[in-house]
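See below for the structure under consideration.
The values are calculated or read from the model by the stated rules, or taken from the named source; none is laboratory data. Just so it is clear, the model here is predicted, and its values are computed rather than measured. Note that we place each Cβ from the backbone using ideal geometry, even for glycine, and neighbour counts take in every protein chain shown. Remember, those area values only see protein heavy atoms, side chains included, never the ligands or the DNA or RNA. Shrake-Rupley method; radii C 1.70, N 1.55, O 1.52, S 1.80 Å.
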Amino acid sequence: MSATLLQPAFADPVLDAQRSFRAALKALAGPGVTQSLLSAQTPPHLEGLASASHALCLALLDIDTPLWLAPRFDTQAIRANLTFHCGCPIVSDRQNARFALLDDSQLHDLSGFDLGNDRYPDQSCTLLIQLPSLQGGRQVALRGPGIETRNHVSLPLQEAFWEEREAHNDFPRGIDVFFLAGSELMGLPRSTQVAFKKGGA
Amino acid sequence: MNAATQPRPQSRPQRDEAYNFAYLDEQTKRMIRRGLLKAVAIPGYQVPFGGREMPLPYGWGTGGMQLTAAILGAEDVLKVIDQGADDTTNAVSIRRFFARTAGVATTERTPEATIIQTRHRIPETPLQADQIMVYQVPIPEPLRFIEPSETETRTMHALNDYGVMHVKLYEDIATFGHIATAYAYPVTVDERYVMDPSPIPKFDNPKLDMSPALMLFGAGREKRLYAVPPYTRVTSLDFEDHPFEVQKWEHNCAICGSQDSFLDELILDDQGTQSFVCSDTDYCAQRVNEGREGQ
Amino acid sequence: MYVAVKGGEQAIDNAHKLLAKKRRGDTTVAELGVEQIRQQLPLAVARVMTEGSLYDEELAALAIKQAAGDLVEAIFLLRAYRTTLPRFSASLPIDTSSMQLNRRLSATFKDVPGGQLLGPTFDYTHRLLDFTLLAEGEYPGPQGKPDATVEACPRVLGLLAKEGLIKEEADTGAPVADITREPLEYPASRAERLQALARGDEGFLLALGYSTQRGYGRNHPFAGEIRVGGVEVWIEPEELGFPIAIGAIEVTECEMVNQFVGSATELPQFTRGYGLAFGHAERKAMGMALVDRSLRAGEYAEEIISPAQQEEFVLAHCDNVEASGFVSHLKLPHYVDFQAEVELIRKLRKPSKEQAQ
C-alpha cells in the first residue's frame, strides 16, 4: 500500500463522527427528508465517494462491521482508506456484510444481503446507496413511522429498485437504506411504506 | 426557528479532558449508534447491545446514560429529569456527569433542551420536532413479568404472539374490574411490537403517540435499546369494553393551580393532611412565572 | 408550603464529604496504604480482580481502599475502570498444566504424579481467634519453608482421560465471544457461560453449587484437582508472528470430576466442571466448577429442574455489579410510580367500599 493513497479522515474524529451520526439518525427517523452535512464537518475528498458517503462510512464502520463494496467502489483508494481509518473487513460475499456501499448500477438486484431474522431482525445489512442526486426521478409517497402524514420524494431510481425493496421487505426483517449524494443524505428504513402516485411523476 | 435549535445563551461548563468526550470510547459509541439506527428502523423492537459498565450503578440510569453519551454533541443542550424534577439527586448526578465529561450546556427548561434524559416521566410541556427523549429503562421486556425466560419472550415477539399479555390484562379485569397496571403500562408500536414504555405513569402514555420528538430507550443492565421514531402510532393495550384511560385528580396543583398535570401527593403532617403539586417542576415553575398560582 | 426534597446538588456534595470521613475513620490512627492492602489482604484483592475482570493487584487494592472494604463496591470500581481501557491484544490461552504450583490437591487419589502440596491454606487451621495478631508488630513472621513449590506436573483429569474414563474436552476452534463487548444471548456457548461465571458473584455461585450437593440438580462431584500458582501470559502480536511472554499471573483452577454418563451407544464416562479465578480464590473456583457442571445438564441429557441447571436463571443473576445496582436503585425516588399505584389502589377499593355500605 502506498502511503500517498491514504487521505486524512475527519478533522475532528469525535465530534464530526457524532454530527454525521446525528444526521443519519435524523434521516432514518424522518424517512424521505433530505439532511445535509456541513462542509466543515465532512472529511476531505476521497476519489469515488460522495462526501456524505465518506462521512457515514467513517462514522459507522469499524472492525465489527464487514463491508461489501459494489465494483464501482472497489478501488485501491477506497479500500486502503476505509481499511486504514475504520479497520472494517471488506468482504466479497454479500451475506456476510453488515454494511454495503452501492451505486445505482446495482439496484435491480438486492439479493444476498442479510435481512436479519424474526428473532433478531436487527442483524441485517444496512445499505449505503450513492446516487448522483436525491432528486429528479419519479415521485413516490412515503408513509409510516417518522412521517406525520406523507413525505413525497423524487429519488432518481428505476422501478426495479422499489420492486427489489418490496421483495426483500418482510417486516420485521428487511433492508434499511441511506441514499447519499454530495453532502446530502436521506433515510429509507424498512418500516416505510411506499405508494406510487397515479399517473407517474 | 424553534427554541430547541436556538437555545438561550448558556454558560458551558469546562470539559474534563481526562475522559473522552461524553465518557464512552468511540468504538462503544459506534456500536450503540449502529444499534440506535436499527432500533429506529424497527420501532419498538429491543435491539441487544454490548452495554458497558458505567461509573454509576446499574439500575440508576446506565442505559439512558450510554444512549445519551452516544448521541450527545457539543451543540446539544441537555436536560435531565427524575420523577419529572430537575433537582432530584439522581438527575443532578447524571446532569453533572455530562457537564463534566462533555462540557455541554444544560438546562431545566423543556423547550430549550435538544436532549432530555428522563426517568419515569414525560414532560408536560409538549415536545417538539428535533428534540430527543432518552428514557432510562429497568426491565425492557414488557412480557417479563408473565414469562421470565428471554428465550420464550423473544419467540413471542418474533411470532407477533401477545396472547399471554392479553390474558394477563383480562385477568386483572376479572379480578379487580380494571386493568391493574398504573405505570410501565404496555403499548403497541405501529401495530406490531408490544413495548414497555419504561416506568412512566400510564398518564404519560398518550404523549408517546404521534409525538414529534424521537424517543430512545436504554436498558443498561439488560443490554437492550429500542426506539419510537417521531410521528409513530403508539397505542396502550386495552379492550373494547375496558378502554384505556389515564388517572385524573380531584385536586389542582397547590403551587401553580394546574388541573391537567401529573400530581405528586405530599403528606403534610401526622394527621395525613394531603397536598398535591406538579411532578414536572419546570412546567410548574413556568406557570408560576406566568402568574398562575394554586389555592 | 412544604417543598419536596430539593437542593440535590448540595446534598450530594455533603454526602461525598461524609463518606470520605467515614472511610478515613479516626485520623489519629495511621492511614491504610494501598500497598498494605495489596500485601496483607491478598485474598480480598484476588476476589476483586476476579469479579472485576481485571488483573491488577494495585488497582484492586486501591478499589478496596476507596470502597472502605466493601468488596462488591470495589469490584464495581474496577469494572467501571476496565470498561474504558483500550484492548491491545488477546492473550493466548494460559497453560495451567505448566503452572508454577504453590498449592495443589486432588481428592480423587491418595497420591498423584507430582504429589500433593498443601501450600498456604485455611483448611486445617483451627478457627480460633489468634490474639497474637492483635498484638501489633509482635507477630514473629512466617516460619518454616513458606516458598515450597512443586514442579509443573500432569493434570489429574488428564490421567483419567488417558484411560478414556472422562469426557475429553476438545477445543472446537470456534471464535470465542467476549461477553463484555457483546450482549449474552441464550442459549449461550460454554465459553460465554464460563466467562459469565468467572465474573459471577462468589457467594451466589457458592450457594448454587451447594444447592446441587443438597439434591437440587445433584451431579456427584469430586474435587478432581485444585491448583494454585503462577502461569505466564503470552501474546502473539500480528506484526511479530511469534508469541512473547508479557508477564505472569497467579490463578486458581478447579476441575471437578462428576457423575458419569453413558448410553446404549456410549460407554459410561465421568464428566467435569471447570472453575478458574485470578489470584488465590478456591471457594470461587470450586463454586464455579460446580455450577459449570450443573449447567451442562442439557449436554448430558439430564432433566433440567433445579435452579443451578437453568442457564438463563444463573447467568442473568450471577453478576453482583448488576444485582447490587438494581437492588440499590430501589433507594432512588419512585414517587411518581408510587403515586400512580396509590391512585390505582384507591380506585380499585372504591366499588368494594360502596358494596360494603
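Summarise the partner chain shielding of B:205-216 as one whole number: the mean count of Cβ atoms from other chains within 10 Å of each residue's Cβ.
1
For chain C, what is the relative contact order in percent, using Cα pairs closer than 8 Å and at least 6 residues apart in sequence?
Contact order relative to length: 17 percent.
Quick one: putting +1 on the C-beta of Lys and Arg, -1 on the C-beta of Asp and Glu, what dipole do you get for the protein assembly as shown around its Cα centre, in Debye to the nearest 20?
740 debye
From Cα pairs below 8 angstrom and at least 6 apart in sequence, can you work out the relative contact order of the stretch A:9-196, rounded to a whole percent?
RCO, the stretch A:9-196: 26 percent.
Can you tell me the dipole magnitude for chain A around its Cα centre, using point charges on the Cβ only (Lys, Arg +1; Asp, Glu -1), in Debye to the nearest 20?
520 debye
In a shell of Cβ-Cβ distance under 12 Å around B:GLU26, excluding B:GLU26 itself, what net charge do Lys and Arg (+1) and Asp and Glu (-1) give?
Around B:GLU26, the charge tally is -1.
Pull out a ≥ b ≥ c, the square roots of the eigenvalues of the alpha-carbon gyration tensor of chain A, then state rounded if a/c is under 1.5, prolate if not and a/b is larger than b/c, and oblate in the remaining case.
It comes out prolate by the Cα gyration axes.
Tabulate in residue order the Karplus-calculated ³J(HN,Hα) for the stretch C:269-275, using 6.51 cos²θ - 1.76 cosθ + 1.60 with θ = phi - 60°, rounded to whole Hz; enter x for Gly and Pro.
Ordered by residue, 3J(HN,Hα) equals 9, 6, 10, 9, x, 10, x Hz.
What spacing in nm lies between the two simple spin-label points modelled at C:ASP171 and A:ASN117, each 7 Å away from Cα in the Cβ direction?
Placing both labels 7 Å along Cα→Cβ, they lie 2.8 nm apart.
Quick check on my link table: of C:LYS284/C:LYS331; B:LYS202/B:LYS223; C:LYS65/C:LYS331, which ones sit more than 27 Å apart, alpha carbon to alpha carbon?
In this structure, C:LYS284/C:LYS331 exceed 27 Å between Cα atoms.
Per residue, how much accessible area does the stretch B:248-294 show when a 1.4 Å probe rolls over the protein heavy atoms, in square angstrom?
54 Å²
Note down the nm distance, to one decimal, between modelled labels 7 Å out along Cα→Cβ at A:SER133 and at C:GLN10.
In this crude spin-label approximation the distance works out to 6.4 nm.
Give the carbon-plus-sulfur fraction of the accessible surface of chain B in %, rounded to a whole number; probe 1.4 Å, heavy atoms of protein chains only.
50 percent
Residue by residue through C:80-86, how many Cβ atoms from other chains fall within 10 Å of the Cβ on average?
For peptide C:80-86, the averaged partner shielding equals 5.
Could you bin all the Cα-Cα distances of the stretch B:127-212 into 10 Å bins starting at 0 and give me the percent of pairs in each, rounded to whole numbers?
The calculated distribution, bin by bin, is 15, 45, 32, 8, 0.
Grab the other residues whose beta carbon is less than 11 angstrom from that of B:THR118, score K and R as +1, D and E as -1, and report the net.
Result for the neighbourhood of B:THR118: -1.
Translational diffusion coefficient, Stokes-Einstein: compute it for the protein assembly as shown using the Kirkwood radius over C-alpha pairs as Rh, at 20 °C and 1.002 mPa s, and state it as an integer in µm² s⁻¹.
D, rounded to a whole number, is 71 µm²/s.
Note the angle between two axes, namely the Cα long axis of helix C:335-356 and the longest principal axis of the Cα atoms of chain C, as a number of degrees from 0 to 90, rounded to the nearest 10.
The angle comes out near 60 degrees.
Not counting ligands, DNA or RNA, and with a 1.4 Å probe, what is C:LEU197's accessible surface area in Å² rounded to the nearest 10?
So the heavy atoms of C:LEU197 present about 0 Å² to solvent.
Name the long-range amide H neighbours of C:ALA281: under 5 Å, sequence gap of 5 or more, or other chain; modelled H, no Pro or chain starts.
Amide H neighbours of C:ALA281: C:THR252.
Would you mind giving the mean number of other chain beta-carbons within 10 Å of the Cβ of each residue in B:21-31, as a whole number?
The shielding value for this peptide is 5.
Can you give me the angle between helix C:8-24 and the longest principal axis of chain C, using Cα atoms only, in degrees from 0 to 90, rounded to the nearest 10?
40 degrees
What value, in deg cm²/dmol to 500, does the helix sum -39500 (n - 2.57) over DSSP H runs of n ≥ 4 give at 222 nm once divided by the residues of chain C?
-11500 deg cm²/dmol
So in the stretch A:1-138, what percent of DSSP beta bridges are antiparallel if you round to the nearest 5?
Here the share of antiparallel DSSP bridges comes out near 15 percent.
Accessible area lost on pairing A with B, both sides, 1.4 Å probe, Å² to nearest 100?
Counting both chains, the buried surface is close to 3300 Å².
Please list 3J(HN,Hα) in residue order for the stretch C:83-89, calculated via the Karplus relation 6.51 cos²θ - 1.76 cosθ + 1.60 where θ = phi - 60°; whole Hz, with x for glycine and proline.
In residue order, the calculated couplings are 4, 8, 6, x, 9, 8, 6 Hz.
Taking the Cα centre as origin and putting +1 on Lys and Arg beta-carbons and -1 on Asp and Glu beta-carbons, what dipole magnitude results for chain C, to the nearest 20 debye?
My answer is approximately 1400 debye.
Hey, with R₀ at 56 Å, roughly what FRET efficiency would A:PHE171 and C:LYS22 work out to, going by the Cβ-Cβ distance, to 0.05?
The formula returns an efficiency of 0.50 here.
Hey, what's chain C come to in accessible area per residue, 1.4 Å probe, Å²?
Accessible area per residue, chain C: 58 Å².
Going by average Cβ neighbours within 10 Å, how do the peptides A:4-17, C:247-260, B:218-231 rank, with the highest at the top?
B:218-231, C:247-260, A:4-17
How big is the antiparallel share of DSSP beta bridges in the protein assembly as shown, given as a percent to the nearest 5?
70 percent
Which value, in square angstrom to the nearest 100, describes the accessible area buried between chains C and B on both sides, using a 1.4 angstrom probe?
Buried area between the two chains comes out at roughly 4600 Å².
From the C-alpha coordinates alone, can you work out the Kirkwood hydrodynamic radius of the stretch B:248-294, in Å?
Computed over the stretch B:248-294, the radius equals 10.7 Å.
Per residue, what volume in Å³ does the convex hull of the Cα atoms of the stretch C:11-84 enclose?
87 Å³
State the dimensionless ratio Rg/Rh of chain B (Rg: radius of gyration of Cα atoms; Rh: Kirkwood radius).
When Rh is taken as the Kirkwood radius, the ratio is 0.97.
At 0.36 nm per residue, minus the direct Cα-Cα distance, what do B:GLU245 and B:THR155 gain on full extension? Give it in nm, one decimal, please.
So the chain would gain 29.4 nm between B:GLU245 and B:THR155.
Take every DSSP beta bridge whose two residues both sit in chain C, then give the antiparallel share in percent to the nearest 5.
Among the beta bridges of chain C, antiparallel pairing accounts for roughly 95 percent.
Let me check the size of the stretch A:25-83 from its C-alpha atoms; what are the radius of gyration and Dmax in Å?
Expressed in Å, the Cα Rg and Dmax of the stretch A:25-83 come to 12.6, 35.
Share of the stretch A:9-196's accessible area from carbon and sulfur, percent, 1.4 Å?
47 percent
Could you tell me the relative contact order of chain B? Use alpha-carbon pairs under 8 Å, at least six residues apart, and round to a whole percent.
Across chain B, relative contact order equals 21 percent.
Kindly provide the helix-only [θ] at 222 nm of chain B, computed as the sum of -39,500 (n - 2.57) over DSSP H runs of four or more divided by all residues, to the nearest 500 deg cm²/dmol?
After summing the helix terms and dividing by residue count, I get -7500 deg cm²/dmol.
Dividing the Cα radius of gyration by the Kirkwood radius, what Rg/Rh value follows for the stretch B:191-295?
Expressed as Rg/Rh, it is 1.05.
Run down the lysines and flag those whose C-alpha is under 17 Å from the C-alpha of C:LYS350, throwing out any fewer than 8 positions away in its chain.
Cross-link targets: B:LYS248.
Can you give the net charge of the other residues whose Cβ lies under 13 Å from the Cβ of B:GLY163, counting K and R as +1 and D and E as -1?
With Lys, Arg at +1 and Asp, Glu at -1, the net is -3.
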